[in-house]
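Novice: My questions will all concern the structure given below.
Just so you know, all these numbers are worked out from the coordinates, no wet-lab data involved. All figures in this text were calculated on a predicted structure; none of them were measured in a lab. All Cβ positions, glycine included, derive from the backbone under ideal geometry; neighbour counts span all protein chains shown.
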Amino acid sequence: MAVPSVPYLEAMLLLRGAGADGLDAGALAAGLYIDAEAASALLEQLREAGVAGAAAADGTIRYAPREEVAALVDRLARVYADNLIGVSMLIHSTSGQRAREDAISGRQDY
């Protein structure tokens, strides 16, 4: 699972935290302080990645990851809560995929 940006990560975690209520693009936009178009794009990326389900008739998206993705997201949420700056730096680093994998696995030798 790749985490391409901090807004993507935070959108994933907000969606996870919304539980059965889910989020629509407007609620996600408000939570991330971004515009609704960017929020819609993030929700689409989350659907494509297998993190979110299809949109309901009212536009609400619910957290619906595959089992293996759910375990990774749970772990990433714990690591991000403990080391927000370190994870953010890894996402922004030029070392690419390896850094993202290290962040998810919890490696902290950076």
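Novice: Non-local amide H neighbours of A52 (under 5 Å, H modeled in plane, Pro and chain starts lacking H): which ones?
Specialist: R47, A64
Novice: Provide the packing ranking of 80-90, 48-58, 23-33, i.e. peptides ordered by the mean count of other C-beta atoms within 10 Å per residue, highest first.
Specialist: Output ranking for 80-90, 48-58, 23-33: 23-33, 80-90, 48-58.
Novice: Per residue of segment 54-64, what does 6.51 cos²θ - 1.76 cosθ + 1.60 with θ = phi - 60° give for ³J(HN,Hα)? Whole Hz please, x for Gly and Pro, Karplus curve as stated.
Specialist: Result, rounded to whole Hz: 5, 5, 6, 4, 8, x, 6, 10, 10, 5, 8.
Novice: Shifting gears a bit: With each pseudo-label sitting 7 Å past Cα toward Cβ, what's the S88-T60 distance in nm, one decimal?
Specialist: Roughly 3.1 nm, to one decimal.
Novice: List, in order, the whole-Hz ³J(HN,Hα) value for each residue of segment 69-74 obtained from phi through the Karplus relation with A = 6.51, B = -1.76, C = 1.60 and θ = phi - 60°; use x for Gly and Pro.
Specialist: After applying 6.51 cos²θ - 1.76 cosθ + 1.60, I find 6, 4, 5, 5, 5, 4 Hz.
Novice: If you count, for each residue, the other Cβ atoms within 10 Å and average over each peptide, how do 4-10, 65-71 line up from highest to lowest?
Specialist: 4-10, 65-71
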